[in-house]
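Single-structure report; data block below.
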Amino acid sequence: MSDKPSFDHATLTSHGLSAGMANTVMDEIERLTAELAASRRECARLEADMNDERFVYSATCTWHGPISSAKHYSNRPTGCPHCPHCGSVLFELENEQQWNDSVEDYEKGGHPGYVAFCKWLREQSKCFRSTKDQHLKEIVEIYRKETGKDVRI
């Protein structure tokens with residue numbers, strides 16, 4: 001399907017439209033054609049985002065999730081991803097399975113309850129700043145109070 005109209009100014013005036021009205025129609029067709037092209041580009045970008053399996057996480061807060069849920073500080077998909085809550089810069093993995101594998105390995109390495117703790121963190125509608133040991137202790141305490149479960153960080 002072509003975005004170019006199959007008629008022009010001369011065709012419109014030959015069908016009885018005044019020159020001024022033909023100009024108005026042609027201007028509107030140009031505007032709508034440009035709008036359609038922009039919409040198609042946006043749809044293509046959104047489709048690419050939907051197929052993006054990258055998984056991101058922060059070193060300075062507890063947020064982690066799919067890159068499609070991250071905040072970008074530019075309108076381009078290549079902009080650095082940031083935590084959608086605090087703006088912390090995020091690291092990225094190829095997919096969520098890599099994240100799950102690393103969390104499971106960490107738990108197996110002497111940190112019981114870590115997998116459940118990370119799942120709980122992801123369910124929160126916020127992030128927790130985790131730049132200091134004291135912050136981590138506070139987060140673990142909140143987790144214990146809300147879930148009744150323990151975790152060793």
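Compute the separation of the alpha-carbon centres of the range 7-39 and the range 83-125 and state it in Å as a whole number.
Cα centroid to Cα centroid, the span is 55 Å.
Is there a quick way to get the dipole size of the chain? I mean about its Cα centre, with the Cβ of Lys and Arg at +1 and of Asp and Glu at -1; what is the value in debye to the nearest 20?
Working: 19 positive and 24 negative charges, 135 e Å.
Here the size comes out at about 640 debye.
For labels at residue 89 and residue 8 in the simple 7 Å Cα→Cβ model, what's the distance in nm?
It is 5.3 nm.
What label, among (i) -0.43, -0.94; (ii) -0.54, -1.00; (iii) -0.47, -1.12, belongs to log10 I(q)/I(0) by the Debye sum over Cα atoms at q = 0.10, 0.17 Å⁻¹ computed from the structure on display?
The value computed from this structure is option (ii).
Can you compute the modelled spin-label distance between residue 115 and residue 25, with each label point 7 Å from Cα toward Cβ, in nm?
6.8 nm
Go ahead and run the numbers for FRET between residue 69 and residue 149, Cβ-Cβ distance against an R0 of 22 Å, rounding to 0.05. Walk me through the numbers before you get to the answer.
On the way: r = 25 Å, r/R0 = 1.13.
So, using R0 = 22 Å, E works out to roughly 0.30.
What angle, in degrees between 0 and 90 and rounded to the nearest 10, separates the Cα long axis of helix 133-147 from the longest principal axis of the Cα atoms of the chain?
90 degrees
Every number in this text was worked out from the coordinates using simple rules, so none of it is lab data. This is a predicted model, so every value here is computed, not measured. Cβ: placed from backbone, ideal geometry, glycine included. Neighbour counts: every protein chain shown.
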